[in-house]
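To start, the structure itself, in structure tokens.
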Amino acid sequence: MTQDELKALVGQAALAHVVPGSIVGVGTGSTVNCFIDALATMKDQIQGAVSSSVKSTERLQAHGIKVFEASEVESLPVYVDGADEIDHSGCMIKGGGAALTREKIVADLAQAFVCIADESKLVQTLGNFPLPVEVIPMAAAQVARRFASAYGGQATVRAGVVTDNGNIIVDVRGLKITDPLAMETEVNQWPGVVSVGIFARHAAQVCLLGTPSGVRTLS
Ligand code: 5RP
């Protein structure tokens, strides 16, 4: 199976986690696009969605799915999103699509995070994928220095990318994230960091992994 077929498989499988009558939290990325297309087949059974990016909002609306503002809801039963890496405890690196801050905001509203990914995203230790960090532009150089001194990481500004919030992304290479919760907590306190793409406080409760032999569920 191709990677696109594996993404379609888990996008479809995530429908089983959607609570009928509810509002669904929807992430961002190519795997989530497959989920949104699958969700369209049951759009009459849900109230709508809260979206984590302009791109996902446009895709949801193109399917005729109502999109609510995050501020309009107090709680969501489920948030469905992809990941750039996920470890066996459900901690993730996210933000390859630059939507990490809004993804974390919507994930925070949800009672359960359902991660959908092809099996290449499952790792023993996070950090091979460059860690995305959304940063207020004037802080970029200082944040890069902090990554170098605290963790030996090399941060570079992602060229040509402005987030939906008007900020920039730095990608940090050379990290071995053995304690995701500690690093998330530390980096989030650095001035100018809007959010770091480590999802440990908002780890996935369920991960649907696409494999050539079908969907493997980690929980
Ligand atoms: C976007 C994300 C995505 O979930 C992540 O990049 C995975 O994307 P894809 O499903 O395209 O591999 O965090 O900010």
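The values are calculated or read from the model by the stated rules, or taken from the named source; none is laboratory data. Model, not experiment: these values are computed from the prediction. Note that we place each Cβ from the backbone using ideal geometry, even for glycine, and neighbour counts take in every protein chain shown. Areas reflect the complete protein model, heavy atoms only, side chains present, ligands, DNA and RNA absent. Shrake-Rupley method; radii C 1.70, N 1.55, O 1.52, S 1.80 Å.
For the range 169-186, in order, what is each residue's ³J(HN,Hα) by Karplus, 6.51 cos²θ - 1.76 cosθ + 1.60 with θ = phi - 60°, in whole Hz (x at glycine and Pro)?
Whole-Hz 3J(HN,Hα) from phi for the range 169-186: 10, 10, 10, 10, 9, x, 9, 10, 8, 7, 10, x, 5, 5, 5, 4, 4, 5.
Give the peptides 204-213, 143-152 in descending order of average Cβ contacts within 10 Å, highest first.
Numbers: 204-213: 19.3, 143-152: 15.7.
Most protected by this proxy first, the peptides run 204-213, 143-152.
Treating only the Cα positions of the range 1-95 as identical point scatterers, give the base-10 log of I(q)/I(0) from the Debye formula at each q in 0.14, 0.23 Å⁻¹.
Cα-only, vacuum Debye calculation for the range 1-95: -0.48, -1.25.
Please state the charge dipole magnitude for the chain, taken about the Cα centre, from unit charges on C-beta atoms (+1 on K and R, -1 on D and E), reported in debye and rounded to the nearest 20. Walk me through the numbers before you get to the answer.
Details: 16 positive and 22 negative charges, 70 e Å.
The dipole of the chain has a size of about 340 debye.
Out of every Cα pair in the chain, what percent are spaced more than 21 Å from each other?
Roughly 51 percent, rounded to a whole number.
Could you give the accessible area per residue of the chain, probe 1.4 Å, as a whole number in Å²? Working shown, then result.
Details: 9750 Å² over 219 residues.
Heavy-atom SASA per residue in the chain reads 45 Å².
Sum up the lysine pairs in the chain that clear both bars: alpha-carbon distance under 25 Å and a spacing of 8 or more or different chains.
Total qualifying Lys-Lys pairs in the chain comes to 20.
Restricting to DSSP H runs of at least four residues, report the calculated mean residue ellipticity at 222 nm for the chain, -39500 (n - 2.57) per run over all residues, nearest 500 deg cm²/dmol.
Value at 222 nm, helices only, nearest 500: -8000 deg cm²/dmol.
Using the Karplus curve 6.51 cos²θ - 1.76 cosθ + 1.60 with θ = phi - 60°, work out ³J(HN,Hα) for each residue of the range 54-60 in order, rounded to whole Hz, and write x for Gly and Pro.
Listing the rounded values in order: 4, 4, 5, 4, 5, 5, 4 Hz.
Can you give me the % of accessible surface on the chain that is carbon or sulfur? Probe 1.4 Å, all protein chains present, nothing else counted. Kindly include the intermediate steps, with their values, before the conclusion.
Working: 4910 of 9750 Å².
The value for the chain is 50 percent carbon and sulfur by accessible area.
For Val206, enumerate residues with amide H under 5 Å from its amide H, sequence gap 5+ or separate chain, H modeled in the peptide plane.
Phe113, Cys115
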